[in-house]
Structures are given as structure tokens and as C-alpha cells.
Amino acid sequence: MTFPHPVLLSRPLLTLLVLSFVGIGRASAQSTLGYDLETTGQWDANFRTIQPFGTGTSGQTAASGNGFFRQEVTSGTASAIYLLDQTASDTSAGTQSTFATTGPITVAFSLRGVTTNSSFSVVFIDPANTANNLLAVFNLITGSDTVRFFKDGTLVAGNVGTQAGTTITQATAAEPNSGNFTSLSVTLSITGTTPTITVTPAGATASTFAFPAGDFDFSGGKTLIGLRLNDAGNSASNTPVDIDNIVITSPTAPDNPPQTNVAPVLPTQVNRNIAPFESFTVSNTATDSNIPAQNLTYELLNPPAGATISPSGMISWSPNETQGNAVYTLETRVTDSGSPALSATNSFQVTVSEFVPQPNVAPVLPAQENRSIAVANLITPGTMTVTNTATDSNLPVQTLTYQLLSPPAGAAINSNGIITWSPTAEQAGSTYTLTTQVTDSGTPALSATNSFQVTVTPAPPL
């Protein structure tokens, strides 16, 4: 498989080591990370330079249908180590995210052939000890490419380590100086304590090598992944080394390394003025820059009676008549779930105006329509329910008491103003007036009444 990128010239010795760290999630899920390098800044947003050596330049060439990463020597030899890292402040390989080795891990990519004897490697690295590693090396040799397997390379210096097994020679579509990108994939799988690596170049038979059992313990089921480019040329006139379309598939979802916890940040608030019984709501939601996102817990410190804050940071309060003519401080503390947990606070003042009592106003009952109801039988339930709840504009809120005046037998009203009645057969054929009286608890107490008529009909025939 090839990709239509521009033809390149030859170039000098170059070693590029790209370390990619992604990892643990649910064992039943499959994770895929892909970098097509078609978007400007994609490489810099995901890869960090931690160990450049030699003299050279590097950077992403991003254009629609023609994006890739290029490493270019300017004198002698040059190389660099890059970390695929979603926590940019962390540049130590020992604390990067890892892949869980609970299933096969495949690294696929597109490689541009350069001078003869140039090579590309995928490196599986012990996160606790980077000197403990396995390599699969694919050499581009005109007319006869090779696959070799190594262990315990010196990664920063570019040394691939000790070869394990014999060199496998195969003819592939990857030719130095062809100007074409060639697809390649490398898969790691582990059975017991035996790691096996399979290299599958485009146009060639897969090459597989099982390392001796126990050669690599993967620190309890985890591994880092490295990508290593090496151009065997030794002249500034040789072509750059290009890589593109990197896709990493693993049995688990990404797991970023822990970051230094950063405290949440609460917004700046302004002071407020309200009257007694006036309700107000203030959005006081914090921001938190930690990845992955943490849980934030909110609390009000010594708040006035009745003031609350929700789990999302929304403050609510409606002061009562006794809280008027005073100034209150509402202070919020938000705490994250990091280790150690960190907090932030902010505060603002609320001035509550003086409460001025108003003359008592009588409650108001709703208008009701007349009704008819049939006595109950197997067809008709024969029960009437009427909502006759009053409204009352007095502040503070008063208690309302309901009663029916001279009601028909069986009719009743509850403390919320709900009337119920199930007339009997003896009450059929008559019309009844239901009068409600509601009385408030003001001084003096005031009342209101309303009435409606109910015509009771016999039960319908069965």
C-alpha cells in the first residue's frame, strides 16, 4: 500500500525515536489512537521533544491529503526522542501512560523509504526501566529488505541492543528512494511470560519471533511503545525521514499519567442587594484544568439561614423578614478529588433591605363551576374531587385554614383546600351547595368564601 507524497532525495544518518504512551481502561474495550498529520499543529499538540541529539531540524508538514512528520539532518547525524503525551508537563518516560498487555497491541504507520540500509523499529519498553525493552527492526535494503529482533537497546543513544534470533530476508514493495510511503504494522502479544512480535510489511509475508520466556516482564502487564527511524546515510544531501498515518490499537482505553494536582478556580462575584422574601440564584461554578476531570464538591462556609449551594455550584437564597436590614457574606469553598485534594474559595456580600410589614390581605379562592355527579355503581365511580386551594399575597407566608360551611353529608375538605365527596343513593335527585371558607393567620385574621352547586343523579342502569 502506498501513499501519493512527493518524491524525496537521499540524506544522512538519522535516528528518530518516537515514544507513544497510551493505556489502561476496561479490558473488554478496544482503544484506537490515530494521527493522520493532516491538521496543522497535530504533531506538536501530541508529541514532546525530550532528548534531541545531533544537528538537524524536524517538524510537521500539514496540508490536505499531504501531511506528515519530517526529520531533517543539517550536518553529520541528527535524531531526537519524542513523547506522545497528553500531559505536556511530564517528560519522564518512567511516569508516562502505558498500554496494558492483556491482549495484542498493534502499531501501524506509513514509512517513507530513504537511502539503502535505512531502518525503522517499533520498541516495546518497560515503563519502570527503559533499558529493558524489545525491538522489531525493519531494514530497507534495495531488492532485499530484512526483519530483525533485538532486546535491551540503549534508547537515547540509538543503540538497538542485542539481536535475538536470525535475520529474516524478504522482498517487499518498500524500496529506498522510491518516493512512496509504505504501510507497515507491528503486533506484540504475550502468552504466559513469552512475548511474541509479528512484523507485517506491505507486499510481504509476516515475520514472527517469540522471545525466550521471561526475557521481558513488562512491569506487571504494562508497556510503553517507541517508534524509531534510522537513515544509514551520512551526508546532508540525503533525503529526510518521513512518517505518517500512525495508528495504535490496544485492548484497553487510554490511561494518562497522573498530573500534579491543580486547584479549581472559582469565578469573581459582585456584591448584591435584595429585599426580604426576594429569591436570588447565583452561578458560582468552578473550573478545573486537571485531566482526567475530577469531581468538585461545593459548600457554603457559615452561610445565613436558608442559603444553599447545589452540587454544580448554584447558590440560592430567599431571606426572611427577620434577616432584613443587614449585610451577609456568602463564602463558597470548592474542593477537588485530586491527591492531595485542593480547594479554592470566593465570597461576595448580600445586603438585605429592611422588612416593612404590610396590612393583612385576605386570601383569594378560585372561581368554581357547578357540577353534576352520578351515584356510584359498577360502571360509575361516583366520587368528586375539586381543587379549591386559595392564594395569599402576604409576606411572610401565612397559614391558611379551610372548612366547608353546612356541607352535605360525606363532603370534606383537607388542609390544602381539596374537596372530596361520594354522594349516596339517598342523596340522588337533589342539588347541593358546597361553600368553602378559608381563613389566614394574619392580625386580624381575614377570610374568604366561594360556592358552587352539585347536582346528584341516580346511578346509571347496569
Notebook entry, point to check: Looking at segment 37-132, what strands (runs of 3 or more DSSP E) fall wholly within it and have at least 3 residues that are at pLDDT below 80, crowded, with 16+ Cβ neighbours inside 10 Å and of a type in the set (A, V, I, L, M)?
Noted result: 68-84
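Which count do you get for residues in segment 251-269 that are at pLDDT below 90 and out of contact with any Gly (no Cβ under 7 Å at 6 or more places or on another chain)? Before you say what the answer is, go through the steps one by one.
First, the residues of segment 251-269 that are at pLDDT below 90: 251-262.
When the remaining residues are screened for being out of contact with any Gly (no Cβ under 7 Å at 6 or more places or on another chain), the result is 256-260, 262.
Going through segment 251-269 one residue at a time, the tally reaches 6.
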Next item on the list: Give the number of residues within segment 219-231 that are modelled with pLDDT of 70 or more, surrounded by 17 or more Cβ atoms within 10 Å (Cβ to Cβ) and out of contact with any Leu (no Cβ under 9 Å at 6 or more places or on another chain).
Entry: 1
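Of the residues in segment 406-421, how many are crowded, with 16+ Cβ neighbours inside 10 Å and of a type outside the set (A, V, I, L, M)? Talk me through it step by step, then tell me what you get.
So in segment 406-421, the residues crowded, with 16+ Cβ neighbours inside 10 Å come out as 407-408, 411, 413, 417, 419, 421.
From the residues that got through so far, the ones that are of a type outside the set (A, V, I, L, M) too are 407-408, 417, 421.
The total comes to 4.
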Next item on the list: Give segment 372-426 a look and list any residue that's charged (D, E, K, R) and not in a loop (DSSP other than H, G, I, E, B), or say none.
Entry: E426
Check: Looking at segment 307-353, what strands (runs of 3 or more DSSP E) fall wholly within it and have at least 1 residues that are in contact with a Lys or Arg (Cβ under 6 Å, 6 or more places away or on another chain) and either loosely packed, with under 14 Cβ neighbours inside 10 Å or not acidic (D, E) (or both)?
Finding: 343-352
Next item on the list: Return yes when A286 is of a type in the set (A, V, I, L, M, F, W, C), over 30 Å from Q398 (Cβ atoms), touching a residue at least 12 places away in the same chain (Cβ under 8 Å) and crowded, with 16+ Cβ neighbours inside 10 Å and no when it is not.
Entry: yes
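Given the options N245, N234, name the one that is surrounded by fewer than 22 Cβ atoms within 10 Å (Cβ to Cβ), at pLDDT 80 or above, of a type in the set (S, T, N, Q) and more than 30 Å from L330 (Cα to Cα).
The unique qualifying residue is N245.
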Check: Does any residue of segment 365-379 turn out to be β-branched (V, I, T), at pLDDT 85 or above and surrounded by fewer than 17 Cβ atoms within 10 Å (Cβ to Cβ)?
Finding: no
Next item on the list: Test T205 against the criterion of being over 21 Å from K222 (Cβ atoms), modelled with pLDDT of 75 or more and either part of a strand (DSSP E or B) or among the basic types (K, R) (or both), and give yes or no.
Entry: no
Next item on the list: Would you point out the residue of segment 400-448, among those that are more than 58 Å from the chain's Cα centre (by Cα) and among the β-branched types (V, I, T), that is nearest to L365 (Cα to Cα)?
Entry: T435
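The values are calculated or read from the model by the stated rules, or taken from the named source; none is laboratory data. Note that the structure is predicted; figures quoted are calculated from it, not measured. Note that we place each Cβ from the backbone using ideal geometry, even for glycine, and neighbour counts take in every protein chain shown.
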